[in-house]
Amino acid sequence: MKKAEQKLLFESGNELAAYAAKQINYHVMGYYPITPSTQIAEYLDRMGAEGEHDISLIAAEGEHSAAGICYGASAGGGRVFNATSANGLLYSLEQLPVQSGTRLPMVLNVACRSVSEPLSIKGDHSDIMFALNTGWIILFADSPQEVYDFNICALKIGEKLSLPVIVAFDGFFTSHQKRVSYVFSDDEVVKNFVGPLKTSLSALDMKNPVTIGSYMNEPDLINNKYQLHLAMEKARGVVEEVFEEYEKLSGRKPEVIKSFKTSDAEVIMFVLGSSYLTAKAAAEKLRKKGKKCGVFSLGAIRPFPFEEIGELCKNAETILVADRQDSYGAGGGNMSLEIKAALQQKGLSQRVITRIYGIGGKDFYEKDAMELFELCFEKDVRSFDYIGVYSGDENFTPEPYFEPVQEENVPRLISCVEENGKLVVKGATVKNTLSRPKRLAPGHGACPGCGIPVNLNLLLRGMEGNVVLLFQTGCAMVVTTSYPKTAFKVPYVHNLFQNGAATLSGLQEVFRKMKERKELPEGEITFVMVSGDGGMDIGMGSALGAALRGSPIIIFEYDNGGYMNTGYQLSYSTPMGAKSATSHLGKNQWGKTFFHKDMPQIMAATGMSYVATAAESDPNDFIKKAAKAQYYAQKGETAYIKCLSACPLNWGDRPNTERKVIAAAVDSCFFPLYEVERGQTVLSYDPEARNKKIPITDWLKMMGRTRHLADEKYDDVTNRIQKEVDRRWKRLKVQAEHPEL
């Protein structure tokens with residue numbers, strides 16, 4: 001095979017993963033944004049907008065669904081691609097054995113990252129180790145160049161074996177750090193290397209219908225798993241074959257096992273991923289001092305190269321395994337356990353030392369590697385430990401930053417009274433509630449002009465007594481709870497995007513049960529879930545479940561129109577036509593291609609007692625609705641409030657104009673103000689009746705993300721948006737006029 005022409009690029013691992021995918025030109029990518037893998041979808045979307053590929057990028061509402069999209073596309077015989085990280089990988093985890101058990105190939109990139117809780121977005125290996133037993137081949141790249149090379153090899157390996165393949169690499173270290181790398185100049189070279197698509201089975205073959213994923217008992221199931229085992233054993237040879245073929249084409253030989261001066265080494269260190277290059281530099285320096293040190297790493301952790309590791313380590317006295325995760329209670333991370341097994345399988349009995357390092361993205365420097373090597377030349381060393389940790393002060397007692405806000409220091413200023421079958425709220429004004437202490441303290445890290453703290457404070461102004469808050473992951477959570485400080489003067493709990501309402505339901509229920517058993521003092525607590533940044537996409541199922549159960553909680557959605565905490569990718573509430581990192585402008589694309597989701601109407605369809613929309617442009621109305629929501633929650637019913645929340649950083653407007661922008665969204669009827677109370681719709685504000693209704697373009701042109709829609713070449717798009725906004729507004733008016741609707 002002739003070596004192909006290549007060119008140099010200065011790119012990151014994420015960019016090169018996307019570049020390889022573009023050159024392969026997959027059929028489908030199902031994805032969901034999560035740091036630090038999100039850029040892969042962003043780069044592909046940008047290239048797609050310019051017509052560089054025609055991959056269908058499908059934005060799912062969560063990683064579980066993204067994995068389902070990929071499974072469905074591969075069941076149709078297509079070539080399929082995805083990327084994820086950390087909790088996203090875990091959320092989709094149950095889909096991984098489905099993919100491998102049905103022997104449907106695809107490629108998944110994992111930019112490895114810490115798994116919460118506590119929440120951290122920095123790189124380590126605690127996510128990828130959960131995938132070891134899923135039946136996927138797992139390649140592990142140590143550089144952006146290897147990310148590119150492995151992505152091209154992965155599809156060919158997967159299709160030869162009918163197995164899915166993960167390409168893993170270190171989050172932020174490899175995913176974001178740019179390096180000079182070679183790529184093939186001609187996309188056709190990559191397509192020819194991968195070869196033509198050969199589908200062994202397809203759910204789209206109507207002449208030969210197949211059942212994919214049948215119900216299976218013993219003895220058939222054990223045979224199925226045995227066949228999966230045989231395929232993984234066959235992979236040992238296939239991976240090497242593809243790597244050798246790739247070497248002829250590129251001049252670079254991807255390695256299953258990578259080593260540096262191990263043949264005569266007394267001490268050998270194992271590290272996985274980007275730390276390999278650091279450890280090599282440290283070993284070289286110690287060699288110059290007369291200390292025989294070597295290093296090895298793996299380019300594939302599934303299938304695991306037991307035989308090769310045993311052969312490589314047979315002459316060393318000490319093996320130090322540096323694990324970037326811990327298999328808690330097992331005396332080492334997963335790589336430690338498997339390397340020990342490899343040595344035992346070879347009949348070797350070297351001393352094996354494990355050190356857990358780099359958790360949460362903690363840097364690994366040459367001096368750290370040298371200290372680990374020096375440790376191995378000592379006689380009495382603990383076989384297992386962490387490095388880089390610090391011991392806390394056992395006598396330390398944290399002092400509160402603020403006086404807690406509880407019932408006794410919240411003056412009762414608002415009353416909700418049933419009058420003639422209607423709930424009447426009195427005292428719910430900004431002026432009347434000025435003396436109420438804020439439950440969210442100043443000093444948070446929100447961007448200038450961010451609507452989140454404004455909207456939170458308006459919401460909480462309308463609430464009496466004790467409040468417990470639960471925040472789903474998002475900007476609001478990140479900017480208020482950076483350890484070891486908090487901006488909250490009331491109890492606060494965090495859980496992930498997809499499970500906030502269920503978590504708060506459990507918290508509320510244990511409160512009710514413990515009160516019933518006299519295990520808590522008398523008094524009431526209002527439980528409020530705060531969600532935004534797309535949380536009502538991935539978390540919609542949990543929220544609907546709480547509403548259908550009638551959990552007595554308040555669900556508050558600050559809708560900032562995108563996944564802002566991951567850098568502004570489109571969410572289902574992003575306006576149609578808006579630019580985002582996954583809905584670029586280009587010759588083939590004009591922004592988001594579908595209408596914004598009408599979450600209040602979806603929630604109202606559950607039959608819950610109270611649904612409302614609110615806006616900072618009408619603060620008195622906002623406070624009144626918060627009081628109503630609390631009234632219904634304390635009566636044992638679910639309430640939902642949604643506000644439009646400004647994000648000047650990503651909306652592309654000015655912080656000091658946000659109240660006007662929000663008001664324009666209301667006046668254009670893009671975000672109408674109304675209530676659905678006990679099934680009856682009531683308009684809170686009618687811009688038509690006040691002669692204030694404006695065209696949707698007047699609002700769109702106020703923001704950089706949608707300003708392009710004012711160009712006449714997008715008239716078709718703006719006409720469609722205007723028509724849909726008018727339709728929804730007319731429907732609301734009809735619902736308000738007819739209580740039975």
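Data overview
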{"quantity": "Any chance Glu616 is surrounded by 22 or more Cβ atoms within 10 Å (Cβ to Cβ), touching a helix residue (DSSP H, G or I) at 6+ places or on another chain (Cβ under 6 Å), among the acidic types (Asp, Glu) and farther than 20 Å from Ile721 by Cα", "calculated": "no"}
{"quantity": "Candidate set from region 20-35 (those that are outside any loop (DSSP other than H, G, I, E, B) and closer than 15 Å to Met106 by Cβ); member that is farthest from the chain's Cα centre (by Cα)", "calculated": "Ile24"}
{"quantity": "Residues of region 329-342 that turn out to be surrounded by fewer than 16 Cβ atoms within 10 Å (Cβ to Cβ) and under 11 Å from Ile356 (Cα atoms), as a count", "calculated": "1"}
{"quantity": "Test for Ser37: is it crowded, with 18+ Cβ neighbours inside 10 Å and of a type in the set (Ser, Thr, Tyr)", "calculated": "yes"}
{"quantity": "Verdict on Lys438 being assigned to a loop (DSSP other than H, G, I, E, B) and not aliphatic (A, V, I, L, M)", "calculated": "yes"}
{"quantity": "Candidate set: region 119-173, residues that are under 21 Å from the mean Cα position of the chain (by Cα) and of a type in the set (Val, Ile, Thr); chosen: the one farthest from Lys253 (Cα to Cα)", "calculated": "Ile121"}
{"quantity": "Count - residues of region 552-581 that are closer than 16 Å to Gly506 by Cβ and surrounded by 24 or more Cβ atoms within 10 Å (Cβ to Cβ)", "calculated": "3"}
{"quantity": "Selected residue (criterion: surrounded by the most Cβ atoms within 10 Å (Cβ to Cβ)) from residues of region 251-265 that are over 21 Å from Cys112 (Cα atoms) and touching a strand residue (DSSP E or B) at 6+ places or on another chain (Cβ under 7 Å)", "calculated": "Ala265"}
{"quantity": "Every residue from region 269-286 that is in contact with a helix residue (DSSP H, G or I) (Cβ under 6 Å, 6 or more places away or on another chain) and in a helix (DSSP H, G or I)", "calculated": "Thr278, Ala279, Ala281, Ala282, Leu286"}
{"quantity": "Helices (runs of 4 or more DSSP H) enclosed by region 648-730 - at least 2 residues per element that are at negative phi, in the same structural domain as Ser573 (by TED's automatic domain parsing) and among the aliphatic types (A, V, I, L, M)", "calculated": "658-667, 696-700"}
{"quantity": "Breaking point among (1) within 20 Å of the chain's Cα centre (by Cα); (2) over 30 Å from Val271 (Cα atoms), for His53", "calculated": "(1)"}
{"quantity": "Near pairs, Cβ below 6 angstrom, 6+ apart or cross-chain, from region 682-704 (in contact (Cβ under 8 Å) with a residue 24 or more places away in the chain) to any residue that is polar (S, T, N, Q)", "calculated": "Ile694/Ser668; Ile696/Ser668; Ile696/Gln722; Thr697/Thr718; Trp699/Ser668; Leu700/Thr706"}
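Yes/no matrix, rows are residues, columns are (1) part of a loop (DSSP other than H, G, I, E, B); (2) within 20 Å of Ile662 (Cβ to Cβ); (3) charged (D, E, K, R):
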| site | (1), (2), (3) |
| --- | --- |
| Tyr558 | no, yes, no |
| Gly561 | yes, yes, no |
| Thr574 | yes, yes, no |
| Ala578 | yes, yes, no |
| Thr593 | yes, no, no |
| Pro600 | no, yes, no |
| Met603 | no, no, no |
| Gly607 | yes, no, no |
| Ala612 | no, yes, no |
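The values are calculated or read from the model by the stated rules, or taken from the named source; none is laboratory data. This structure is a prediction, so every number in the text was calculated from the model and none was measured. Every residue, glycine as well, gets a Cβ built from its backbone with ideal geometry; the counts of neighbours run over all protein chains shown.
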